[in-house]
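The values are calculated or read from the model by the stated rules, or taken from the named source; none is laboratory data. This is a predicted model, so every value here is computed, not measured. Here the Cβ positions follow ideal geometry from the backbone for every residue, glycine too, while neighbour counts run over all protein chains shown.
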């Protein structure tokens with residue numbers, strides 16, 4: 001009564017209540033009438049016969065509920081199970097790491113201002129960083145952060161905002177200097193983790209991506225994803241030489257070729273490597289203007305594997321120019337992909353692979369159809385013909401990556417972690433990802449996704465080799481492929497008598513010259529025309545005055561050139577792949593000036609102990625770049641060489657061997673004038689009896705490879721004798737004498753065994769650093785300033801470990817041990833424990 005009396009004092013409120021009641025009645029009545037009319041139409045229009053109630057409900061569920069609301073009435077039982085599973089987190093915390101960020105009001109206001117500008121659509125201007133402190137496991141890190149992200153999901157909610165974070169100072173967190181933190185929904189939860197792990201599993205550059213609990217000023221903001229930034233730490237962790245990373249300046253456009261490339265760590269690269277940076281920019285601009293074939297500047301093997309992973313994980317968004325980053329490898333002078341923002345499920349692109357961009361009528365690429373020109377740069381050459389070499393690499397990788405064997409191995413390694421993360425999401429309000437907004441239903445990971453994609457890819461590949469649905473006509477001497485139905489792309493094998501088979505790919509509306517003496521196959525089935533009638537040099541211009549080995553008058557038999565006489569190099573020389581060069585015993589190869597011998601073909605240097613091969617200069621010049629093949633050195637003397645002086649590469653060696661199989665026997669390298677006398681990169685090497693003498697810098701530099709050696713001898717080396725980075729090593733009898741830096745430098749997560757060695761009169765006999773593990777025994781050590789140093793030089797790596805046993809002559813080892821590193825030994829030793837930074841200062 002009291003309430004009614006009070007309301008009666010406000011007649012406006014009474015009128016409003018009456019109006020709302022009447023409105024509800026009217027709307028309800030109209031809605032009921034519409035439903036009756038729709039039901040009447042359904043049963044009396046023939047629709048009932050076409051769509052039974054269960055089918056109609058299914059279509060409504062798929063087209064409306066699932067597509068737009070992220071909810072399916074057929075999944076209610078699963079949603080209930082997820083909700084029940086989440087109840088335990090009312091009483092227990094999840095098992096993720098807890099990260100806390102403390103930020104003062106001034107810096108917090110700056111972040112809030114950035115968020116408001118994004119909401120108002122004025123966020124494209126420069127955003128300043130706010131300073132804060134991040135805490136993890138009782139350790140504090142000084143950081144700076146800013147708001148990030150283009151989509152509303154990144155910043156619409158103050159307590160769910162995404163941030164770009166940089167560590168200030170020399171500390172590193174999780175081995176990273178910079179990273180982003182964002183709600184898992186922004187990349188569709190564990191699907192993004194799966195994408196990055198598939199890149200890692202298949203040997204491509206991959207970001208660290210994992211999940212944490214985030215508190216901001218002690219306010220719980222739930223689960224966040226941590227996504228690694230683009231930095232030197234990323235490149236070196238992936239066992240690559242640091243090189244520039246390019247992305248798009250998105251304000252200038254994101255659809256290729258109407259894009260402008262920008263550079264991460266721009267000031268560093270422009271200041272320290274201006275020529276290399278300028279060259280890389282020039283290559284990308286030439287690609288945009290179609291003045292260069294992509295295979296001249298992109299590492300097609302890496303990109304073929306990357307696209308195959310994109311198709312298999314159904315993360316097409318991660319391959320568009322806006323997403324994928326371009327790492328310029330200064331060793332090869334070519335760009336490699338860095339996968340980023342795969343975002344599985346965005347746009348519901350489920351029945352499409354990159355190969356389908358060749359079909360002008362295929363619209364199953366949804367909103368990414370506008371990206372076609374980017375992918376056609378790979379699938380076609382600049383003259384419009386198919387890029388057969390790339391397509392075959394891509395299809396081979398697609399077959400291998402989607403194979404049951406590969407999928408099972410991946411599951412064995414990562415399925416437990418994927419399951420763990422999925423369970424942690426139950427502790428948070430984890431709604432399904434609809435791209436630009438949250439769905440109604442909870443997130444659910446499809447545990448059969450890999451098997452389903454494997455089957456889909458298998459069927460797509462089978463169609464390429466299937467004659468089914470192939471339609472064509474024969475008009476005089478031309479076969480015209482009019483239509484290949486859904487699967488427009490076929491592989492044709494042409495067999496003509498004793499001639500070598502010709503393999504090529506055909507698409508719809510394509511012609512092929514017909515020869516009645518030949519047979520045409522799709523897969524193993526012959527194409528019967530009567531039954532089925534239906535009515536390009538590589539990146540060599542980067543070096544001036546280059547000559548192909550074919551231009552020289554050398555003996556040539558069965559794709560093998562033979563060099564039997566002394567040879568003077570007065571130009572840059574190129575040996576193409578699929579060609580082999582044999583250098584006979586006693587041959588002298590002389591560099592007349594600073595030229596480069598570049599090879600993609602196999603070389604066999606067949607010297608003998610009585611008649612060794614000599615490769616030399618008289619003016620401290622000349623170098624070799626040996627790439628992607630097999631190289632054998634037997635009784636070879638390298639003398640007085642330099643290094644490649646080309647702005648497109650960062651190569652330090654007189655001899656540079658890249659991505660190859662190497663066998664070195666009874667070889668000498670002396671009087672080197674380069675930073676590395678020999679630099680072996682990402683290769684598998686066998687070395688027996690290699691002597692290094694009078695080397696002005698490092699003698700042997702192994703970057704990211706496997707080495708098995710016996711008998712390496714170093715004398716009078718100005719820097720390191722054997723420098724290993726990211727390698728797997730097994731060796732015996734390493735002798736280092738009079739080395740002015742380190743006899744053995746073992747770094748960047750190297751692992752190995754080296755025994756029965758001698759380290760005499762070195763500044764440092766053995767240095768183990770940056771997450772490396774070395775086991776060594778039965779060594780002789782004498783006259784070294786420091787026998788053993790174990791430390792961390794780069795904060796992106798873990799601590800190191802050395803096990804040293806049974807050192808000869810009962811020597812008391814002088815050991816410098818950086819804190820938290822491990823030294824194990826049964827020898828006599830004297831340990832000086834120091835801060836890692838202090839050992840760094842002493843040795844560098």
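Quick notes on this one:
- Taking the listed residues 541, 536, the one that is modelled with pLDDT under 70, surrounded by fewer than 11 Cβ atoms within 10 Å (Cβ to Cβ), under 33 Å from the mean Cα position of the chain (by Cα) and more than 30 Å from residue 568 (Cα to Cα) is 536, with no other qualifying.
- Note on the stretch 194-208: residues that are closer than 20 Å to residue 423 by Cα and buried (at least 22 other Cβ atoms within 10 Å of the Cβ) total 3.
- Members of the stretch 101-130 found to be modelled with pLDDT under 90 and assigned to a loop (DSSP other than H, G, I, E, B), listed by number: 120, 121, 122, 123, 124, 125, 126, 127, 128
- Residue match in the stretch 136-143 (condition: under 16 Å from residue 217 (Cα atoms) and touching a helix residue (DSSP H, G or I) at 6+ places or on another chain (Cβ under 7 Å)): no
- The condition of being in contact with a strand residue (DSSP E or B) (Cβ under 7 Å, 6 or more places away or on another chain), modelled with pLDDT of 95 or more and either in the same structural domain as residue 722 (by TED's automatic domain parsing) or under 17 Å from residue 546 (Cβ atoms) (or both) holds for only one of 669, 658, 681, that being 669.
Condition check ((1) over 21 Å from residue 621 (Cα atoms); (2) at pLDDT 90 or above; (3) assigned to a loop (DSSP other than H, G, I, E, B)) across all residues:
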{"position": "508", "(1), (2), (3)": "yes, no, yes"}
{"position": "511", "(1), (2), (3)": "yes, no, no"}
{"position": "515", "(1), (2), (3)": "yes, no, yes"}
{"position": "521", "(1), (2), (3)": "yes, no, no"}
{"position": "553", "(1), (2), (3)": "yes, no, yes"}
{"position": "582", "(1), (2), (3)": "yes, yes, no"}
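- Of the strands (runs of 3 or more DSSP E) lying entirely inside the stretch 746-832, those containing at least 1 residues that are under 28 Å from residue 171 (Cα atoms), under 33 Å from the mean Cα position of the chain (by Cα) and assigned by TED's automatic domain parsing to the domain that holds residue 722 span 751-755, 764-769, 773-777, 786-791, 801-805, 812-818, 822-825.
- Filtered residues of the stretch 176-215 (kept if more than 18 Å from the chain's Cα centre (by Cα) and more than 23 Å from residue 437 (Cβ to Cβ)): 177, 212, 213, 215
- Positions within the stretch 87-114 being over 17 Å from residue 143 (Cβ atoms) and surrounded by 17 or more Cβ atoms within 10 Å (Cβ to Cβ), in sequence order: 94, 96
- Pick from the stretch 593-608, criterion modelled with pLDDT of 95 or more and assigned to a loop (DSSP other than H, G, I, E, B), ranking: surrounded by the most Cβ atoms within 10 Å (Cβ to Cβ): 607
- Per-region count, the stretch 708-745, residues assigned to a loop (DSSP other than H, G, I, E, B) and over 30 Å from the mean Cα position of the chain (by Cα): 6
- Verdict on residue 589 being within 37 Å of the chain's Cα centre (by Cα), crowded, with 21+ Cβ neighbours inside 10 Å and not in a loop (DSSP other than H, G, I, E, B): no
- Flag if residue 821 is modelled with pLDDT under 90 and either closer than 24 Å to residue 758 by Cα or crowded, with 18+ Cβ neighbours inside 10 Å (or both): no
- Verdict on residue 142 being assigned by TED's automatic domain parsing to the domain that holds residue 233 and part of a loop (DSSP other than H, G, I, E, B): no
- Per-region count, the stretch 223-251, residues surrounded by 18 or more Cβ atoms within 10 Å (Cβ to Cβ) and in contact with a strand residue (DSSP E or B) (Cβ under 7 Å, 6 or more places away or on another chain): 20
- Candidate set: the stretch 399-433, residues that are in contact with a strand residue (DSSP E or B) (Cβ under 8 Å, 6 or more places away or on another chain) and not in a helix (DSSP H, G or I); chosen: the one nearest to residue 305 (Cα to Cα): 433
- One residue from 663, 611, 619 being at pLDDT below 95, farther than 23 Å from residue 243 by Cβ and surrounded by fewer than 19 Cβ atoms within 10 Å (Cβ to Cβ): 619
- Residue list for the stretch 560-573, restricted to those being out of contact with any helix residue (DSSP H, G or I) (no Cβ under 7 Å at 6 or more places or on another chain) and either loosely packed, with under 14 Cβ neighbours inside 10 Å or in a strand (DSSP E or B) (or both): 560, 562, 563, 564, 565, 566, 567, 568, 569, 570, 572
- A single entry from 647, 620 fulfils the requirement of being in contact with a helix residue (DSSP H, G or I) (Cβ under 8 Å, 6 or more places away or on another chain) and either in a loop (DSSP other than H, G, I, E, B) or closer than 17 Å to residue 689 by Cα (or both): 647.
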